[in-house]
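*Asks:* Dropping a structure here in C-alpha coordinates format, bear with me for questions.
The values are calculated or read from the model by the stated rules, or taken from the named source; none is laboratory data. Given the structure is predicted, the values throughout are model-derived calculations rather than measurements. Because the Cβ atoms are built from the backbone with ideal geometry, glycine has one as well, and the counts that use them run over all protein chains shown.
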Amino acid sequence: QCHPNVDLDLLPDPAGEEPTNRFLQALVQILLTHVNSTFDRTSKVLDFHHPHQLKEGLEGFSLELPDRPENLEQLLVDCRDTLKYGVKTGHPRFFNQLSSGLDIIGMAGEWLTSAANTNIFTFEISPVFILMEEVLLKKLREKVGWPPVEGDGVFCPGGSMSNLYSILLARYSYFPEVKMHGMAVIPRLALFTSEHVIPDILVAELPQTDRLPGRLCKCSHYSIRKAAGVLGIGIENVFLCVKLTPQTLLCSSQGLVPFYINATAGTTVYGAFDPLNEIAEICERHGLWMHVDAAWGGGLLMSRKHAGKLQGIERASSVTWNPHKMMGVPLQCSVILMRQKGLLQDCNQLCAEYLFQPDKHYDVAYDTGDKSIQCGRHVDVFKLWLMWKAKGSEGFGSQVNQCLENADYLFNKLENRADFELVFKNKPEHSNVCFWYIPHSLRKMSRGLEWNKKLHEVAPKIKTKMMEEGMVMVGYQPLGEKPNFFRCVFSNPATTREDVDFLVDEITRLGQD
Ligand code: ABU
(Lines give C-alpha, C1' and ligand atoms only; values in the text may rest on other atoms or scores of the structure.)
Protein backbone atom coordinates (compact mmCIF):
# COMPACT_ATOMS: atom_id res chain seq x y z
CA GLN A 1 0.00 0.00 0.00
CA CYS A 2 1.33 3.45 -0.88
CA HIS A 3 1.01 6.18 1.70
CA PRO A 4 -1.57 8.71 0.50
CA ASN A 5 0.41 11.96 0.49
CA VAL A 6 2.84 12.52 -2.40
CA ASP A 7 4.62 15.67 -1.25
CA LEU A 8 5.24 14.55 2.29
CA ASP A 9 6.31 11.01 1.60
CA LEU A 10 8.39 10.57 -1.51
CA LEU A 11 12.04 11.53 -1.86
CA PRO A 12 13.46 14.08 -1.12
CA ASP A 13 11.62 13.60 2.18
CA PRO A 14 14.24 12.22 4.60
CA ALA A 15 12.10 9.14 5.18
CA GLY A 16 11.16 8.99 1.52
CA GLU A 17 13.23 6.06 0.30
CA GLU A 18 10.82 3.35 1.33
CA PRO A 19 7.61 4.96 -0.02
CA THR A 20 9.46 5.96 -3.20
CA ASN A 21 10.52 2.36 -3.75
CA ARG A 22 7.00 1.13 -3.11
CA PHE A 23 5.53 3.68 -5.48
CA LEU A 24 8.01 2.92 -8.26
CA GLN A 25 7.64 -0.83 -7.81
CA ALA A 26 3.88 -0.44 -8.12
CA LEU A 27 4.45 1.62 -11.27
CA VAL A 28 6.81 -1.01 -12.68
CA GLN A 29 4.07 -3.61 -12.16
CA ILE A 30 1.71 -1.43 -14.22
CA LEU A 31 4.34 -1.05 -16.92
CA LEU A 32 5.03 -4.78 -16.97
CA THR A 33 1.33 -5.53 -17.33
CA HIS A 34 1.28 -3.13 -20.28
CA VAL A 35 4.38 -4.72 -21.82
CA ASN A 36 2.98 -8.24 -21.45
CA SER A 37 -0.40 -7.32 -22.88
CA THR A 38 1.35 -5.56 -25.78
CA PHE A 39 2.64 -8.96 -26.93
CA ASP A 40 -0.59 -10.80 -26.12
CA ARG A 41 -2.53 -11.31 -29.34
CA THR A 42 -5.76 -11.87 -27.46
CA SER A 43 -5.53 -8.36 -26.04
CA LYS A 44 -6.69 -5.35 -28.02
CA VAL A 45 -4.41 -3.01 -29.93
CA LEU A 46 -6.60 -0.16 -28.73
CA ASP A 47 -9.63 0.54 -26.60
CA PHE A 48 -11.03 3.35 -28.71
CA HIS A 49 -12.92 6.29 -27.26
CA HIS A 50 -13.87 9.52 -28.95
CA PRO A 51 -12.18 12.74 -27.76
CA HIS A 52 -15.36 13.94 -26.03
CA GLN A 53 -15.64 10.65 -24.12
CA LEU A 54 -12.07 10.90 -22.87
CA LYS A 55 -12.61 14.55 -21.96
CA GLU A 56 -15.80 13.80 -20.05
CA GLY A 57 -13.90 11.24 -17.97
CA LEU A 58 -14.16 7.46 -17.95
CA GLU A 59 -14.60 5.25 -14.90
CA GLY A 60 -12.67 7.52 -12.58
CA PHE A 61 -10.12 8.62 -15.19
CA SER A 62 -10.21 12.39 -15.43
CA LEU A 63 -7.96 14.64 -17.49
CA GLU A 64 -8.84 17.67 -15.37
CA LEU A 65 -6.13 19.04 -13.07
CA PRO A 66 -6.96 19.54 -9.38
CA ASP A 67 -5.99 22.37 -7.02
CA ARG A 68 -5.48 19.93 -4.12
CA PRO A 69 -2.91 17.14 -4.45
CA GLU A 70 -4.15 13.68 -5.25
CA ASN A 71 -2.78 10.63 -3.49
CA LEU A 72 -0.33 8.09 -4.82
CA GLU A 73 -2.97 5.44 -5.29
CA GLN A 74 -4.86 7.77 -7.61
CA LEU A 75 -1.69 8.58 -9.54
CA LEU A 76 -1.09 4.89 -10.10
CA VAL A 77 -4.65 4.47 -11.33
CA ASP A 78 -4.07 7.44 -13.67
CA CYS A 79 -0.89 5.80 -14.98
CA ARG A 80 -2.72 2.53 -15.59
CA ASP A 81 -5.62 4.29 -17.34
CA THR A 82 -3.30 6.39 -19.50
CA LEU A 83 -1.93 3.15 -20.93
CA LYS A 84 -5.37 1.52 -21.05
CA TYR A 85 -6.87 4.23 -23.29
CA GLY A 86 -3.75 4.63 -25.41
CA VAL A 87 -2.68 2.61 -28.44
CA LYS A 88 -0.34 -0.38 -28.11
CA THR A 89 2.02 0.55 -30.90
CA GLY A 90 4.19 -2.45 -30.02
CA HIS A 91 1.35 -4.93 -30.62
CA PRO A 92 2.24 -7.37 -33.43
CA ARG A 93 -1.02 -6.38 -35.15
CA PHE A 94 -0.36 -2.64 -35.20
CA PHE A 95 0.47 -1.82 -38.83
CA ASN A 96 -0.56 1.81 -38.77
CA GLN A 97 2.69 3.73 -38.57
CA LEU A 98 6.28 3.54 -39.71
CA SER A 99 7.36 3.46 -36.06
CA SER A 100 6.07 0.40 -34.30
CA GLY A 101 7.20 -2.38 -31.99
CA LEU A 102 8.29 -2.35 -28.38
CA ASP A 103 11.91 -3.26 -28.03
CA ILE A 104 12.50 -4.28 -24.42
CA ILE A 105 16.15 -3.19 -24.35
CA GLY A 106 15.30 0.09 -26.07
CA MET A 107 12.52 0.73 -23.58
CA ALA A 108 14.90 -0.01 -20.70
CA GLY A 109 17.28 2.50 -22.29
CA GLU A 110 14.55 5.13 -22.34
CA TRP A 111 13.75 4.43 -18.67
CA LEU A 112 17.40 4.88 -17.77
CA THR A 113 17.59 8.08 -19.80
CA SER A 114 14.66 9.45 -17.89
CA ALA A 115 16.22 8.52 -14.54
CA ALA A 116 19.47 10.23 -15.57
CA ASN A 117 17.42 13.31 -16.56
CA THR A 118 20.18 15.30 -18.16
CA ASN A 119 20.68 17.54 -21.13
CA ILE A 120 23.02 16.53 -23.91
CA PHE A 121 24.62 19.89 -24.69
CA THR A 122 27.85 19.77 -22.71
CA PHE A 123 30.34 17.12 -21.64
CA GLU A 124 30.17 18.74 -18.23
CA ILE A 125 26.67 17.37 -17.55
CA SER A 126 26.51 14.48 -20.04
CA PRO A 127 29.99 12.97 -20.19
CA VAL A 128 28.89 9.45 -21.11
CA PHE A 129 25.99 10.32 -23.41
CA ILE A 130 28.09 12.83 -25.40
CA LEU A 131 30.66 10.13 -26.12
CA MET A 132 27.94 7.62 -26.99
CA GLU A 133 26.55 10.13 -29.49
CA GLU A 134 30.01 10.42 -31.05
CA VAL A 135 30.33 6.62 -31.30
CA LEU A 136 26.87 6.26 -32.84
CA LEU A 137 27.35 9.07 -35.35
CA LYS A 138 30.57 7.43 -36.51
CA LYS A 139 28.91 4.03 -36.81
CA LEU A 140 25.94 5.42 -38.76
CA ARG A 141 28.23 7.37 -41.11
CA GLU A 142 30.15 4.15 -41.72
CA LYS A 143 26.88 2.47 -42.71
CA VAL A 144 26.20 5.34 -45.14
CA GLY A 145 29.60 4.61 -46.66
CA TRP A 146 31.45 7.79 -45.77
CA PRO A 147 34.98 7.75 -44.38
CA PRO A 148 34.23 7.32 -40.66
CA VAL A 149 36.83 9.74 -39.31
CA GLU A 150 35.41 12.65 -41.28
CA GLY A 151 31.88 13.92 -41.06
CA ASP A 152 29.54 15.04 -38.38
CA GLY A 153 25.93 14.84 -37.27
CA VAL A 154 23.52 15.45 -34.45
CA PHE A 155 20.53 13.63 -32.99
CA CYS A 156 17.41 15.77 -33.16
CA PRO A 157 13.66 15.49 -32.63
CA GLY A 158 12.44 13.63 -35.71
CA GLY A 159 12.85 13.38 -39.47
CA SER A 160 11.28 16.76 -40.20
CA MET A 161 13.89 18.45 -38.04
CA SER A 162 16.66 16.40 -39.66
CA ASN A 163 15.44 17.50 -43.09
CA LEU A 164 15.28 21.11 -41.92
CA TYR A 165 18.90 20.83 -40.80
CA SER A 166 19.89 19.58 -44.23
CA ILE A 167 18.41 22.64 -45.99
CA LEU A 168 19.84 24.99 -43.37
CA LEU A 169 23.30 23.49 -43.80
CA ALA A 170 23.13 23.42 -47.58
CA ARG A 171 22.13 27.07 -47.71
CA TYR A 172 24.88 28.01 -45.26
CA SER A 173 27.52 26.11 -47.22
CA TYR A 174 26.76 28.13 -50.40
CA PHE A 175 25.80 31.41 -48.72
CA PRO A 176 27.44 31.67 -45.28
CA GLU A 177 26.55 35.37 -45.14
CA VAL A 178 22.92 34.39 -44.61
CA LYS A 179 23.67 33.55 -40.99
CA MET A 180 24.45 37.14 -40.10
CA HIS A 181 22.57 39.17 -42.70
CA GLY A 182 19.54 37.11 -43.63
CA MET A 183 17.82 36.30 -46.89
CA ALA A 184 17.99 39.86 -48.23
CA VAL A 185 21.68 39.45 -49.10
CA ILE A 186 21.41 36.20 -51.06
CA PRO A 187 19.66 35.27 -54.32
CA ARG A 188 16.19 33.73 -54.38
CA LEU A 189 16.71 30.00 -53.97
CA ALA A 190 14.98 26.95 -55.40
CA LEU A 191 15.11 23.46 -54.07
CA PHE A 192 13.96 20.16 -55.47
CA THR A 193 12.45 17.09 -53.99
CA SER A 194 11.21 13.84 -55.33
CA GLU A 195 9.25 12.57 -52.39
CA HIS A 196 6.58 10.06 -53.33
CA VAL A 197 8.70 8.93 -56.24
CA ILE A 198 6.68 7.09 -58.78
CA PRO A 199 8.29 3.91 -60.07
CA ASP A 200 9.43 4.42 -63.70
CA ILE A 201 6.97 1.89 -64.89
CA LEU A 202 4.12 4.12 -63.77
CA VAL A 203 5.34 7.49 -65.01
CA ALA A 204 3.69 6.78 -68.36
CA GLU A 205 0.35 6.45 -66.57
CA LEU A 206 0.55 9.97 -65.15
CA PRO A 207 -1.44 12.81 -66.69
CA GLN A 208 0.72 14.86 -69.08
CA THR A 209 0.83 17.84 -66.71
CA ASP A 210 2.25 15.69 -63.94
CA ARG A 211 5.14 14.67 -66.16
CA LEU A 212 6.41 18.18 -66.70
CA PRO A 213 9.75 18.66 -65.04
CA GLY A 214 9.80 21.20 -62.27
CA ARG A 215 6.06 21.19 -61.67
CA LEU A 216 5.32 23.06 -58.49
CA CYS A 217 5.38 20.64 -55.65
CA LYS A 218 1.99 19.37 -54.57
CA CYS A 219 2.68 16.00 -53.05
CA SER A 220 6.28 16.13 -51.82
CA HIS A 221 6.92 15.16 -48.22
CA TYR A 222 5.58 18.04 -46.25
CA SER A 223 8.67 18.38 -44.06
CA ILE A 224 10.70 19.67 -47.00
CA ARG A 225 8.07 22.28 -47.83
CA LYS A 226 7.62 23.13 -44.19
CA ALA A 227 11.36 23.65 -43.78
CA ALA A 228 11.41 25.90 -46.86
CA GLY A 229 8.70 27.99 -45.21
CA VAL A 230 10.43 28.07 -41.83
CA LEU A 231 13.78 29.00 -43.35
CA GLY A 232 12.35 31.86 -45.39
CA ILE A 233 13.08 30.19 -48.74
CA GLY A 234 9.38 30.01 -49.52
CA ILE A 235 7.16 27.01 -50.01
CA GLU A 236 6.46 27.96 -53.62
CA ASN A 237 10.16 27.60 -54.35
CA VAL A 238 10.10 23.88 -53.63
CA PHE A 239 9.74 21.96 -56.87
CA LEU A 240 8.58 18.43 -57.34
CA CYS A 241 10.51 16.38 -59.82
CA VAL A 242 8.67 13.39 -61.11
CA LYS A 243 11.78 12.73 -63.20
CA LEU A 244 14.85 14.69 -62.29
CA THR A 245 16.52 16.03 -65.39
CA PRO A 246 19.02 18.84 -65.93
CA GLN A 247 16.17 20.89 -67.45
CA THR A 248 14.36 20.65 -64.17
CA LEU A 249 17.12 22.70 -62.69
CA LEU A 250 16.91 25.54 -65.17
CA CYS A 251 15.05 27.89 -62.94
CA SER A 252 17.12 30.90 -63.90
CA SER A 253 14.35 32.26 -66.12
CA GLN A 254 12.31 32.62 -62.99
CA GLY A 255 15.25 34.30 -61.25
CA LEU A 256 15.78 31.37 -58.92
CA VAL A 257 19.07 29.75 -58.01
CA PRO A 258 18.84 25.97 -57.49
CA PHE A 259 21.04 24.78 -54.63
CA TYR A 260 19.61 21.58 -53.15
CA ILE A 261 18.02 18.31 -54.15
CA ASN A 262 16.27 16.04 -51.69
CA ALA A 263 16.31 12.44 -52.83
CA THR A 264 14.15 10.01 -50.92
CA ALA A 265 15.20 6.56 -49.81
CA GLY A 266 11.92 5.00 -48.77
CA THR A 267 8.92 7.24 -49.28
CA THR A 268 6.33 7.35 -46.54
CA VAL A 269 3.40 5.87 -48.42
CA TYR A 270 4.87 3.74 -51.20
CA GLY A 271 8.26 2.95 -49.66
CA ALA A 272 9.90 3.82 -52.99
CA PHE A 273 13.56 4.67 -53.53
CA ASP A 274 14.93 7.39 -55.76
CA PRO A 275 17.77 6.49 -58.13
CA LEU A 276 20.43 7.93 -55.87
CA ASN A 277 23.35 7.53 -58.27
CA GLU A 278 21.48 9.35 -61.05
CA ILE A 279 20.62 12.18 -58.71
CA ALA A 280 24.21 12.28 -57.48
CA GLU A 281 25.36 12.71 -61.13
CA ILE A 282 23.08 15.71 -61.51
CA CYS A 283 24.15 17.23 -58.21
CA GLU A 284 27.83 16.77 -58.99
CA ARG A 285 27.47 18.17 -62.50
CA HIS A 286 25.58 21.25 -61.31
CA GLY A 287 27.31 21.78 -57.98
CA LEU A 288 24.18 21.14 -55.95
CA TRP A 289 23.81 19.83 -52.45
CA MET A 290 22.49 16.28 -52.40
CA HIS A 291 20.44 15.32 -49.39
CA VAL A 292 19.02 11.84 -48.91
CA ASP A 293 15.93 11.59 -46.77
CA ALA A 294 16.43 8.05 -45.54
CA ALA A 295 14.23 8.53 -42.49
CA TRP A 296 12.39 5.34 -43.42
CA GLY A 297 14.83 3.62 -45.75
CA GLY A 298 17.99 4.18 -43.69
CA GLY A 299 17.32 1.07 -41.63
CA LEU A 300 17.92 -1.05 -44.74
CA LEU A 301 21.59 -0.08 -44.55
CA MET A 302 21.79 -2.48 -41.60
CA SER A 303 20.86 -5.41 -43.86
CA ARG A 304 23.40 -6.96 -46.25
CA LYS A 305 20.48 -8.19 -48.32
CA HIS A 306 18.75 -4.82 -48.76
CA ALA A 307 21.44 -2.15 -48.34
CA GLY A 308 21.98 -2.12 -52.13
CA LYS A 309 18.67 -0.31 -52.55
CA LEU A 310 20.42 2.78 -51.21
CA GLN A 311 23.35 2.58 -53.60
CA GLY A 312 24.66 6.09 -54.20
CA ILE A 313 23.77 7.37 -50.71
CA GLU A 314 27.50 7.65 -50.05
CA ARG A 315 27.60 10.46 -52.64
CA ALA A 316 25.19 12.60 -50.60
CA SER A 317 26.27 15.62 -48.57
CA SER A 318 23.71 14.92 -45.84
CA VAL A 319 21.44 12.09 -44.77
CA THR A 320 18.33 11.92 -42.58
CA TRP A 321 17.90 8.62 -40.77
CA ASN A 322 15.29 7.68 -38.15
CA PRO A 323 16.38 4.68 -36.08
CA HIS A 324 12.94 4.98 -34.42
CA LYS A 325 11.38 3.67 -37.61
CA MET A 326 12.86 0.59 -39.28
CA MET A 327 15.36 -0.16 -36.50
CA GLY A 328 12.61 -0.26 -33.88
CA VAL A 329 14.25 2.14 -31.43
CA PRO A 330 11.66 3.70 -29.08
CA LEU A 331 10.54 7.15 -30.14
CA GLN A 332 12.23 9.46 -30.61
CA CYS A 333 15.54 8.69 -32.26
CA SER A 334 16.41 10.64 -35.38
CA VAL A 335 19.67 11.87 -36.80
CA ILE A 336 21.03 14.24 -39.40
CA LEU A 337 24.37 13.02 -40.72
CA MET A 338 26.80 15.33 -42.51
CA ARG A 339 29.64 14.32 -44.80
CA GLN A 340 31.61 17.48 -44.05
CA LYS A 341 33.06 18.04 -40.61
CA GLY A 342 32.69 21.44 -38.96
CA LEU A 343 29.80 22.81 -41.01
CA LEU A 344 27.17 22.17 -38.34
CA GLN A 345 29.28 24.00 -35.80
CA ASP A 346 30.05 26.95 -38.08
CA CYS A 347 26.44 27.30 -39.17
CA ASN A 348 24.80 27.10 -35.77
CA GLN A 349 27.28 28.09 -33.10
CA LEU A 350 26.67 31.21 -31.08
CA CYS A 351 29.08 30.44 -28.18
CA ALA A 352 26.64 31.24 -25.36
CA GLU A 353 29.05 32.01 -22.56
CA TYR A 354 26.98 30.55 -19.76
CA LEU A 355 27.19 27.08 -21.33
CA PHE A 356 30.12 26.89 -23.70
CA GLN A 357 32.94 28.52 -21.74
CA PRO A 358 36.20 28.07 -23.68
CA ASP A 359 38.33 27.88 -20.51
CA LYS A 360 36.92 24.68 -19.03
CA HIS A 361 39.38 22.12 -17.64
CA TYR A 362 38.51 19.43 -20.23
CA ASP A 363 38.56 19.28 -24.04
CA VAL A 364 35.70 21.62 -24.95
CA ALA A 365 35.40 20.05 -28.40
CA TYR A 366 33.13 17.64 -26.51
CA ASP A 367 30.69 20.43 -25.67
CA THR A 368 28.83 19.58 -28.83
CA GLY A 369 25.55 21.38 -28.04
CA ASP A 370 26.36 24.50 -30.05
CA LYS A 371 26.10 22.44 -33.27
CA SER A 372 22.42 22.12 -32.60
CA ILE A 373 19.67 24.64 -33.31
CA GLN A 374 18.20 23.61 -29.98
CA CYS A 375 19.57 24.58 -26.61
CA GLY A 376 18.10 21.89 -24.40
CA ARG A 377 18.25 18.51 -26.08
CA HIS A 378 16.78 15.19 -24.92
CA VAL A 379 19.18 12.26 -24.73
CA ASP A 380 18.01 10.07 -27.61
CA VAL A 381 21.23 8.12 -28.00
CA PHE A 382 21.37 5.79 -25.05
CA LYS A 383 18.53 3.48 -26.07
CA LEU A 384 20.04 3.06 -29.56
CA TRP A 385 23.50 2.46 -28.12
CA LEU A 386 22.12 -0.17 -25.73
CA MET A 387 20.11 -1.89 -28.47
CA TRP A 388 23.18 -1.97 -30.70
CA LYS A 389 25.10 -3.64 -27.87
CA ALA A 390 22.28 -6.15 -27.44
CA LYS A 391 21.76 -7.04 -31.12
CA GLY A 392 24.96 -6.10 -32.86
CA SER A 393 24.71 -4.75 -36.41
CA GLU A 394 23.73 -8.26 -37.50
CA GLY A 395 20.74 -8.38 -35.19
CA PHE A 396 19.41 -5.15 -36.70
CA GLY A 397 20.01 -6.66 -40.14
CA SER A 398 17.95 -9.78 -39.37
CA GLN A 399 15.18 -7.65 -37.94
CA VAL A 400 15.01 -5.60 -41.14
CA ASN A 401 15.05 -8.75 -43.29
CA GLN A 402 12.18 -10.22 -41.33
CA CYS A 403 10.04 -7.09 -41.78
CA LEU A 404 10.64 -7.11 -45.53
CA GLU A 405 9.80 -10.81 -45.67
CA ASN A 406 6.46 -10.05 -44.02
CA ALA A 407 5.81 -7.39 -46.68
CA ASP A 408 6.64 -9.91 -49.38
CA TYR A 409 4.30 -12.42 -47.81
CA LEU A 410 1.41 -9.94 -47.76
CA PHE A 411 2.11 -8.84 -51.33
CA ASN A 412 2.11 -12.46 -52.58
CA LYS A 413 -1.02 -13.25 -50.62
CA LEU A 414 -2.97 -10.36 -52.15
CA GLU A 415 -1.61 -10.65 -55.66
CA ASN A 416 -4.10 -13.16 -56.96
CA ARG A 417 -7.18 -12.38 -54.93
CA ALA A 418 -10.33 -10.97 -56.50
CA ASP A 419 -11.31 -9.10 -53.34
CA PHE A 420 -8.03 -7.16 -53.07
CA GLU A 421 -6.11 -5.06 -55.54
CA LEU A 422 -2.53 -3.94 -55.17
CA VAL A 423 -1.81 -0.27 -55.84
CA PHE A 424 1.44 -1.30 -57.57
CA LYS A 425 1.92 -4.51 -59.43
CA ASN A 426 5.66 -4.60 -58.80
CA LYS A 427 7.08 -6.04 -55.59
CA PRO A 428 7.55 -3.57 -52.73
CA GLU A 429 11.06 -2.18 -52.42
CA HIS A 430 10.61 -1.50 -48.72
CA SER A 431 8.10 -2.97 -46.27
CA ASN A 432 5.12 -0.88 -47.48
CA VAL A 433 2.30 -2.77 -49.14
CA CYS A 434 -0.45 -0.57 -50.59
CA PHE A 435 -3.77 -2.12 -51.55
CA TRP A 436 -7.51 -1.69 -51.94
CA TYR A 437 -10.16 -3.98 -50.55
CA ILE A 438 -12.84 -4.41 -53.25
CA PRO A 439 -16.17 -5.27 -51.65
CA HIS A 440 -18.52 -7.66 -53.37
CA SER A 441 -20.81 -4.90 -54.73
CA LEU A 442 -17.88 -3.20 -56.48
CA ARG A 443 -16.49 -6.36 -57.99
CA LYS A 444 -19.47 -6.53 -60.35
CA MET A 445 -19.58 -2.83 -61.21
CA SER A 446 -17.84 -1.33 -64.24
CA ARG A 447 -14.92 0.93 -63.44
CA GLY A 448 -15.05 4.68 -63.78
CA LEU A 449 -15.60 7.83 -61.76
CA GLU A 450 -18.54 6.40 -59.82
CA TRP A 451 -16.59 3.23 -59.02
CA ASN A 452 -13.66 5.31 -57.78
CA LYS A 453 -15.98 7.39 -55.62
CA LYS A 454 -17.43 4.30 -54.01
CA LEU A 455 -14.02 2.70 -53.56
CA HIS A 456 -12.81 5.90 -51.86
CA GLU A 457 -15.35 5.27 -49.07
CA VAL A 458 -14.39 1.65 -48.44
CA ALA A 459 -11.15 2.01 -46.48
CA PRO A 460 -12.46 4.67 -44.04
CA LYS A 461 -15.54 2.55 -43.33
CA ILE A 462 -13.43 -0.53 -42.63
CA LYS A 463 -11.02 1.50 -40.52
CA THR A 464 -13.87 2.87 -38.39
CA LYS A 465 -15.10 -0.63 -37.56
CA MET A 466 -11.54 -1.81 -37.07
CA MET A 467 -10.80 0.90 -34.50
CA GLU A 468 -14.06 0.32 -32.69
CA GLU A 469 -13.28 -3.38 -32.34
CA GLY A 470 -9.62 -2.66 -31.64
CA MET A 471 -8.00 -5.98 -32.60
CA VAL A 472 -5.82 -4.66 -35.43
CA MET A 473 -4.84 -1.28 -36.86
CA VAL A 474 -3.72 -0.26 -40.34
CA GLY A 475 -3.63 3.14 -42.03
CA TYR A 476 -5.22 4.41 -45.23
CA GLN A 477 -4.89 7.49 -47.41
CA PRO A 478 -5.65 8.79 -50.88
CA LEU A 479 -2.72 9.86 -53.03
CA GLY A 480 -3.04 12.08 -56.07
CA GLU A 481 -5.99 10.75 -58.00
CA LYS A 482 -5.92 7.38 -56.33
CA PRO A 483 -8.93 6.73 -54.08
CA ASN A 484 -8.29 5.81 -50.44
CA PHE A 485 -6.13 2.72 -50.14
CA PHE A 486 -4.63 0.84 -47.23
CA ARG A 487 -0.94 1.16 -46.51
CA CYS A 488 0.39 -1.67 -44.42
CA VAL A 489 3.90 -1.15 -43.07
CA PHE A 490 6.11 -3.61 -41.26
CA SER A 491 8.69 -2.42 -38.75
CA ASN A 492 7.80 -4.62 -35.79
CA PRO A 493 9.92 -7.76 -35.55
CA ALA A 494 7.23 -9.33 -33.32
CA THR A 495 4.85 -9.55 -36.30
CA THR A 496 4.48 -13.01 -37.86
CA ARG A 497 2.77 -14.38 -40.96
CA GLU A 498 -0.21 -15.36 -38.79
CA ASP A 499 -0.61 -11.69 -37.90
CA VAL A 500 -0.58 -10.80 -41.59
CA ASP A 501 -3.25 -13.47 -42.20
CA PHE A 502 -5.26 -12.01 -39.34
CA LEU A 503 -5.12 -8.52 -40.88
CA VAL A 504 -6.32 -9.77 -44.26
CA ASP A 505 -9.12 -11.83 -42.66
CA GLU A 506 -10.22 -8.86 -40.56
CA ILE A 507 -10.37 -6.51 -43.55
CA THR A 508 -12.37 -9.14 -45.43
CA ARG A 509 -14.77 -9.63 -42.53
CA LEU A 510 -15.22 -5.91 -41.80
CA GLY A 511 -15.49 -5.03 -45.48
CA GLN A 512 -18.47 -7.33 -46.23
CA ASP A 513 -21.36 -5.44 -47.79
N1 ABU B 1 7.23 10.75 -41.11
C2 ABU B 1 6.43 10.41 -39.99
C3 ABU B 1 5.88 9.01 -40.09
C4 ABU B 1 4.59 8.90 -40.73
C5 ABU B 1 4.00 7.52 -40.66
O6 ABU B 1 4.22 6.76 -39.72
O7 ABU B 1 3.31 7.16 -41.57
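*Asks:* Quick one: which residue in F435, F502 is buried (at least 18 other Cβ atoms within 10 Å of the Cβ) and closer than 30 Å to H306 by Cβ?
*Replies:* F435
*Asks:* For residues in the range 459-495 being within 16 Å of the ligand (Cβ to nearest atom) and free of Cβ contacts under 8 Å to residues at least 24 places away in the same chain, which is farthest from P439 (Cα to Cα)?
*Replies:* My answer is P478.
*Asks:* Checking the condition more than 26 Å from H49 (Cα to Cα), out of contact with any Cys (no Cβ under 6 Å at 6 or more places or on another chain) and not aliphatic (A, V, I, L, M), which residue from P460, P439 passes?
*Replies:* P439
*Asks:* Moving on to the next point. List every residue pair whose Cβ atoms lie under 9 Å apart, where the two residues are 6 or more positions apart in sequence or sit on different chains, the first residue falls within the range 365-378 and is within 15 Å of I336 (Cβ to Cβ), and the second residue, located anywhere, is surrounded by fewer than 16 Cβ atoms within 10 Å (Cβ to Cβ) and at pLDDT below 95.
*Replies:* Every condition considered, no pair remains.
*Asks:* Right, next: What's the number of the only condition in (1) more than 19 Å from A170 (Cβ to Cβ); (2) in contact with a Cys (Cβ under 7 Å, 6 or more places away or on another chain); (3) of a type outside the set (S, T, Y) that P258 fails to meet?
*Replies:* Unmet for P258, out of (1) more than 19 Å from A170 (Cβ to Cβ); (2) in contact with a Cys (Cβ under 7 Å, 6 or more places away or on another chain); (3) of a type outside the set (S, T, Y): (1).
*Asks:* Using the structure shown, decide if H456 is surrounded by 13 or more Cβ atoms within 10 Å (Cβ to Cβ) and without any contact (Cβ under 8 Å) to a residue 60 or more places away in the chain.
*Replies:* yes
*Asks:* Hey, can you tell me all the residues within the range 278-300 that are in contact with a helix residue (DSSP H, G or I) (Cβ under 9 Å, 6 or more places away or on another chain) and over 17 Å from K143 (Cα atoms)?
*Replies:* Scanning the range 278-300 gives I279, A280, E281, I282, C283, E284, R285, H286, G287, L288, W289, M290.
*Asks:* So is S441 surrounded by 17 or more Cβ atoms within 10 Å (Cβ to Cβ), modelled with pLDDT of 95 or more and not aliphatic (A, V, I, L, M) or not?
*Replies:* No: the conditions fail for S441.
*Asks:* For the range 71-79, does any single residue satisfy the condition of being exposed (fewer than 15 other Cβ atoms within 10 Å of the Cβ), touching an Asp or Glu at 6+ places or on another chain (Cβ under 7 Å), assigned to a loop (DSSP other than H, G, I, E, B) and modelled with pLDDT under 95?
*Replies:* No.
*Asks:* Among the helices (runs of 4 or more DSSP H) contained in the range 116-183, which hold 2 or more residues that are crowded, with 16+ Cβ neighbours inside 10 Å and either of a type in the set (A, V, I, L, M) or within 16 Å of the ligand (Cβ to nearest atom) (or both)?
*Replies:* Helices (runs of 4 or more DSSP H) meeting the threshold: 127-144, 159-174.
*Asks:* Criterion first (within 23 Å of K325 (Cα to Cα) and in a helix (DSSP H, G or I)) does E498 satisfy it?
*Replies:* So E498 passes the test.
*Asks:* Tally the residues that are buried (at least 22 other Cβ atoms within 10 Å of the Cβ), away from the ligand (no atom under 16 Å from the Cβ), within 18 Å of N322 (Cβ to Cβ) and of a type outside the set (D, E), restricting the search to the range 85-115.
*Replies:* Going through the range 85-115 one residue at a time, the tally reaches 2.
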